[in-house]
Ligand code: SF4
């Protein structure tokens, strides 16, 4: 697999352009990008590079040819292949608060000559621990945390545009669940150019505000890691379903109003325990008047175990959808989704 000196970002919606690989720092999950931007680097979410590739399935094949196990999560294989394909030489690896597969991936990449900078989220949401981690990351990238704090003010303004896109989804019914997913998921790195991202998001908002309200039969919530399949939202749209909540993607946009970086990343739910996620989900079910939930689980992901607790503590109908490889929904998945939506329409 050949790498070049440039990385192609966002090959489709909402924008696409190239950035220099020398200034890029790869990330495998959401980390405090304020520190990366403030230090003059460009954060690149390798998940987005993988899934926006013209042939993500070929990237999974490439990783398997390089020896990654067939029964490892496909996102991990995609992250490995995306790193090799882009030629990125430095990544920030979350060694606590993400996933153990990711930790093994980071160690593998180290043996391929990739510099890895560790970052940890505290298991018990301890603020002092997190503050120390933020200081350490800032020091490693050669800046003082105070400079990153100033960057937070700038990025807060950019993220506000995505919060408004989210509101237009569930409150005004003018933005589709798929658009909501793409804008929210892209906030993990702000597509490597926060100024361009803000400009495009404002253009999108202007256009979306002029739309009429959508017609639909069911308001659905999507929880769990972002989907690896490409046509889930369009398929739900054909069944007259409006996805009004994308749980994890929304978390990437840092939806809570906070004053400091420590507060921001301690309130962010993704790296922390499932009970903290469930509180957020329950609140949003009520606010967004959600009638049913798709709980997406990635094959071979440890997070599948949480399905039992989600079913125990969330009291609206739930469909658990398990997907393995990138590509279209299988026939049996389509049938299960159709049956679930039919059931929701009947009990309405
Ligand atoms: S889907 Fe699960 S196993 Fe795969 S990278 Fe994400 S957290 Fe790790």
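A few notes on this one:
- Rg in Å to one decimal, and Dmax rounded to a whole Å, for segment 177-326 via C-alpha atoms: 15.9, 43
- Whole-number Å³ per residue for the convex hull built on Cα positions in segment 94-210: 149
- Stokes-Einstein D (µm²/s) once Rh is taken as the Kirkwood radius of the chain over alpha-carbon pairs, at 10 °C in 1.306 mPa s: 77
- Our helix-only sum for the chain, with -39,500 (n - 2.57) per DSSP H run of n ≥ 4 divided by its residues, gives a mean residue ellipticity at 222 nm of -15000 deg cm²/dmol.
- Here segment 8-146 is described by how far its Cα atoms reach on the three principal axes: 42, 33, 27 Å, from widest to narrowest.
- For segment 24-61 versus segment 282-340, the spacing of their alpha-carbon centroids is 26 Å.
- At 1.002 mPa s and 20 °C, Stokes diffusion of segment 106-148 via Kirkwood alpha-carbon radius, µm² per second: 182
- Taking 191, 214, 254 in turn, the Gaussian network model of the chain (Cα-Cα springs below 10 Å) assigns the largest fluctuation to 214.
Laboratory data are not the source of any read-out in this text; all were calculated from the coordinates shown. Every value quoted in this text rests on a predicted model; they were computed, and no experiment measured them.
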